[in-house]
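The values are calculated or read from the model by the stated rules, or taken from the named source; none is laboratory data. Fair warning: this is a prediction, and the values are worked out from it, not measured in the lab. Don't worry about glycine lacking a Cβ; one is built from the backbone with ideal geometry, like all the others, and counts go over all protein chains shown. The protein model used for the area step is the full one, side chains on, heavy atoms only, and it has no ligands, DNA or RNA in it. Shrake-Rupley method; radii C 1.70, N 1.55, O 1.52, S 1.80 Å.
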Amino acid sequence: MLKGSFPIEQFALRHTPFYYYDLELLGRTLDCIKSQSAKLPKAKVHYAVKANFNPVILKTIAASGLGADCVSGGEIRAALSAGFKPGDIVYAGVGKSDWEIELALEEGIGRFNVESAAELQVISEIACRMGRTAHISLRVNPDIGAHTHANITTGLAENKFGIGYEQLEQVLTLALSLPNISYEGLHFHIGSQILDMSDFVALCNRINSLAKSLEIKHLPLGDINVGGGLGINYEHPNHLPIADFELYFSTFKKHLHLPEGTTLHFELGRSVVAPCGSLICKVLYVKKGSSRQFAIVDASMTELIRPALYKAYHRIENLSSNEAEEIYDVVGPVCESSDVFLKSASIDRCRRGDLLAIRSAGAYGESMASCYNCRALPESVFNPEPAE
Ligand code: LLP
């Protein structure tokens, strides 16, 4: 089996499980994002902090000049302490608490992505009280289904996110009338792990027609934030370690028809960080059941919940063995039958003590970890080691 390159001598001394991050790959990914997005007339890429808020990862991304997309007061704080500029922070979320709105205003973040008329009123009230101006975009629910897992599609009318596009004019008119609110543009996000560009083309078409109807009504459009969602190749992390940013950005360049000078914002999470992270764990036991063979490892759904939650596929490699492949169900120690990383996985023969790499786990891995069963939160290892 073709495997990624890992510093296993460095791993041998460490307690497992832990997250391993290839910062060199992250650097190449960020360079690719910068060069491909620069082909658009005016683009600003934000990193979706929810994908991974490990401080080293955040600092690396902040230093590359991307903005930050946050979804809570905690994420705003994490972004600021990693070095993102307040003006480069956009803040979305259907349920912003008062303290979070106050924090965002206090810190002078660039943009609130507002998800309802009710939220708009509250932001205006708080901004008036604080003597601040809130710069806002309206998050529009474009009612577009993405070809992805049902739990990670967000742009359908049935989802809780955003303002129905048929209500947009009304809410936009309200935004223009409220004190201490400065209307700046529209925000969209249709879902995650999207590999079929026709989903983004559908989003472009929706935005084009909304832009036309606002123009007819003499309502301002402002800038456009198309959210995130670009998928990665989970099957072939070694052949295709960087998402197809060229295709992604060129899709928007080709299909969005916006007035000259319009800034286009992106909020990418998974495609930035997923490939650079692996969950490293150890085989505790190999157990031959009556019908299946299990590799029982010391990592579980508490470090990486994606397989249990979404039946998500992560490729698994045995870093300690070059023996012939065998078929295993790779499972963790947690008391849930869904604590399975992969069923019928074909992996080089496993023995107790072997190190396994669960690949493409840099996004929504560590950031979704929990302490269920009193397990410790995972540690992280970087290559190269970051300077203090
Ligand atoms: N912008 C907004 C408003 C979002 O809700 C999200 C992700 C993003 C940007 C970033 O999307 P990305 O580029 O990462 O696809 N836990 C799930 C994914 C949930 C995504 C939530 N929103 C998973 O493990 O697959």
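Taking the criterion of being open to solvent by 60 Å² or more (accessible area, probe 1.4 Å) and small (Gly, Ala, Ser), no residue of region 362-372 qualifies. Listed conditions (1) under 11 Å from Ser271 (Cα atoms); (2) touching a Cys at 6+ places or on another chain (Cβ under 9 Å) are all met by Phe252, apart from (1).
Quick one: is Glu366 at pLDDT 95 or above, within 21 Å of Leu25 (Cβ to Cβ), within 16 Å of the ligand (Cβ to nearest atom) and within 23 Å of the chain's Cα centre (by Cα)? Before you say what the answer is, go through the steps one by one.
Working: at pLDDT 95 or above: yes; within 21 Å of Leu25 (Cβ to Cβ): yes; within 16 Å of the ligand (Cβ to nearest atom): yes; within 23 Å of the chain's Cα centre (by Cα): yes.
Yes.
Just checking, does region 38-45 include any residue being open to solvent by 50 Å² or more (accessible area, probe 1.4 Å), free of Cβ contacts under 8 Å to residues at least 40 places away in the same chain and farther than 30 Å from Pro259 by Cβ? Within region 38-45 (the criterion being open to solvent by 50 Å² or more (accessible area, probe 1.4 Å), free of Cβ contacts under 8 Å to residues at least 40 places away in the same chain and farther than 30 Å from Pro259 by Cβ), the answer is no, since none of the residues qualifies.
Can you name every one of the helices (runs of 4 or more DSSP H) wholly within region 244-354 that holds 1 or more residues which are in the same structural domain as Met197 (by TED's automatic domain parsing) and open to solvent by 40 Å² or more (accessible area, probe 1.4 Å)? Please lay out each step first, then the result.
Details: elements: 245-255, 270-273, 306-310.
Result: 245-255.
Within region 261-273, residues that are under 16 Å from Leu40 (Cβ atoms) sit with their Cβ atoms under 6 Å from residues that are within 9 Å of the ligand (Cβ to nearest atom) and among the acidic types (Asp, Glu), at 6+ positions apart or across chains, in these pairs: Glu267/Asp69.
Please work out if Arg359 is more than 17 Å from Gly269 (Cβ to Cβ), within 21 Å of the chain's Cα centre (by Cα) and either open to solvent by 70 Å² or more (accessible area, probe 1.4 Å) or at pLDDT 95 or above (or both).
Details: more than 17 Å from Gly269 (Cβ to Cβ): yes; within 21 Å of the chain's Cα centre (by Cα): yes; either open to solvent by 70 Å² or more (accessible area, probe 1.4 Å) or at pLDDT 95 or above (or both): yes.
The answer is yes for Arg359.
Just the residues that are surrounded by fewer than 18 Cβ atoms within 10 Å (Cβ to Cβ) and either within 15 Å of the ligand (Cβ to nearest atom) or on the phi > 0 side of the Ramachandran plot (or both), please, taken from region 216-232. Matches in region 216-232: His218 only.
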